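Since the structure comes first, as C-alpha cells, the remarks are kept for the end.
No value in this document is a laboratory result; all are computed from the given coordinates. Remember, predicted model here, so these are calculated numbers, not experimental data. Don't worry about glycine lacking a Cβ; one is built from the backbone with ideal geometry, like all the others, and counts go over all protein chains shown.
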Amino acid sequence: MLSRAQKEQQVAELREKFARATCVYVADYRGIGVQSANQLRRRIRKEGDGDYEYRVAKNSVVRRAVTDTPVAELAESFAGPTAVAISYGDSVGLAKILVDFAKDHEVFELRAGLLDGRAIDASEIGTLATLPSLDELRAMLLGLVQAPATKLVRLVSEPGAQIARVLSARGSEED
C-alpha cells in the first residue's frame, strides 16, 4: 500500500510526464503474463530510444494526475487494470509497437489515446500504426531530395564518360 506522500509524488511525476508527452495511449493489460509485459517494456525501451514509456499505475493516481491537463479527456478510460504508454517524440512508432503487441496478445486491448491534444479511439490508433514512422518519413524525404541531384550529376558526367569509353575502345583497337 502506498503512503499519501508516495501517491502525491506519483501524481506529480505523471503530471509532468503528461505535460511533456506528444501522445498518450491507454490500454487494458488484464490477462497479460509478467513475461509478456516485460517483453513489451523491453521493446518499448529499445525502439523508443528514451522517447517512449510504458507504465502501470493505479487509476486513482492517474485520474488525479490528468486533472486540469490536456490528458483529462482520457479520464473515463481509466477503469480496471490500466497501462499508460507515453511518447515524447514519434507517436506513430509507439502506436506500431502497441498494435503489434495487441495482435500477438489478444487479451491486450488498446482503449483510447490522446494525440496532439485530440482524443482518439482504438481504431484510430490502429490506423495511426499503419502510417510510416518519423524515421521512415525522414528517409523518404531524403531520398526525394537526393534523387534530382544524383540524376543531375549522372547527366553532367555522362558525356565525359562516353568520350573516355570511345578513346579507350580506339586505343585497344590500335594495339
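May I ask for the angle, rounded to the nearest 10°, between helix 4-20 and the longest principal axis of the chain, with both axes built from Cα atoms and the value confined to 0 to 90°?
Its long axis makes an angle of about 30 degrees.
With everything on Cα atoms, drop me the angle between helix 91-104 and the longest principal axis of the chain, reported from 0 to 90° to the nearest 10.
70
Once every Cα of the range 132-175 carries one equal point scatterer and solvent is ignored, give the base-10 log of I(q)/I(0) from the Debye formula at q = 0.25 Å⁻¹, two decimals.
Debye output, listed in q order: -0.82.
Per DSSP H run of n ≥ 4, the term is -39500 (n - 2.57); total these for the chain, divide by its residue number, and report the mean residue ellipticity at 222 nm rounded to 500 deg cm²/dmol.
Theoretical 222 nm ellipticity from helices: -20000 deg cm²/dmol.
When a/c reaches 1.5 or more, the comparison of a/b and b/c decides; with that in mind, is the range 49-121 rounded, prolate or oblate per its Cα gyration tensor? Spell out each step's value before the answer.
Working: a/c = 1.68, a/b = 1.25, b/c = 1.35.
Since a/c reaches 1.5 but b/c is at least a/b, the shape of the range 49-121 is classed as oblate.
Between 0 and 90 degrees, rounded to the nearest ten: what's the tilt of helix 34-48 against the longest Cα principal axis of the chain?
Approximately 50 degrees, to the nearest 10.
Using only the alpha carbons, work out the radius of gyration and Dmax of the range 4-131 in angstrom.
Rg, Dmax (Cα atoms, Å): 13.5, 42.
What FRET efficiency comes out for the pair E76/A139, r = Cβ-Cβ distance, R0 = 35 Å, nearest 0.05?
Efficiency at R0 = 35 Å is approximately 0.35.
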